[in-house]
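Below you'll find the structure, written out as structure tokens, and then a few comments.
The values are calculated or read from the model by the stated rules, or taken from the named source; none is laboratory data. Quick caveat: nothing in here was measured; it's all calculated off a predicted structure. Cβ coordinates were reconstructed from backbone atoms using ideal geometry, including for glycine residues, and neighbour counts include every protein chain displayed.
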Amino acid sequence: MPDISLKRGAPNLYESVLRLPVIRNIRRQEHETLRRTIAENLCSSDDALEVGAGTGFYTFEIASHVRSVVALERARGMTRILKQRIAASSAQNISVVESDFFSYSPDRKFDAVAAIGVLDSIVEWGHFLTVAFCGRLAA
């Protein structure tokens, strides 16, 4: 299945869609649920990895609860937007890595791995889950 987020112009289209009223309402409800989940499961001493960070919708919420977060994203346009958002914010504990998940070789383990909304674009999801949560990334 082709990944449209890698196509030229897709990140800006993605951002436009997120501004639609119906999508904003859905994301607001989703964000409240995730805010509670993140607050209940992450702590200030955690180092977290966010797989498929996109343009950072969840990144800043995760960053507000942990020591550091690595935002992993494979689409150049998405990472460009995320880096702009980080530069415009006061967040100092977010780093962005532009890489495909299966090519990513971190130099450390993570206390928490978040993969929010990425399974629909992963063909080998069983392998993905094993690597992300039981393998080379999790502490």
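Could you tell me how many of the residues in region 109-129 are touching a Leu at 6+ places or on another chain (Cβ under 9 Å) and under 24 Å from H65 (Cα atoms)?
So the count comes out to 10.
Applying the selection to region 84-108, what residues are under 12 Å from V70 (Cα atoms) and of a type in the set (K, R)?
R108
For region 62-81, check the following and say yes or no: at least one residue is charged (D, E, K, R) and buried (at least 18 other Cβ atoms within 10 Å of the Cβ).
Yes, region 62-81 contains a residue that is charged (D, E, K, R) and buried (at least 18 other Cβ atoms within 10 Å of the Cβ).
Can you work out which of the residues in region 120-129 that are exposed (fewer than 12 other Cβ atoms within 10 Å of the Cβ) and part of a helix (DSSP H, G or I) is modelled with the highest pLDDT?
G126
Listed here are the residues, each with its yes/no results for (1) closer than 23 Å to L119 by Cβ; (2) at pLDDT below 95; (3) polar (S, T, N, Q); (4) in contact with a Pro (Cβ under 9 Å, 6 or more places away or on another chain).
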| position | (1), (2), (3), (4) |
| --- | --- |
| E15 | yes, yes, no, no |
| L18 | yes, yes, no, no |
| I26 | yes, yes, no, no |
| T37 | yes, yes, yes, no |
| G52 | yes, yes, no, no |
| F57 | yes, yes, no, no |
| L82 | yes, no, no, no |
| F101 | yes, yes, no, no |
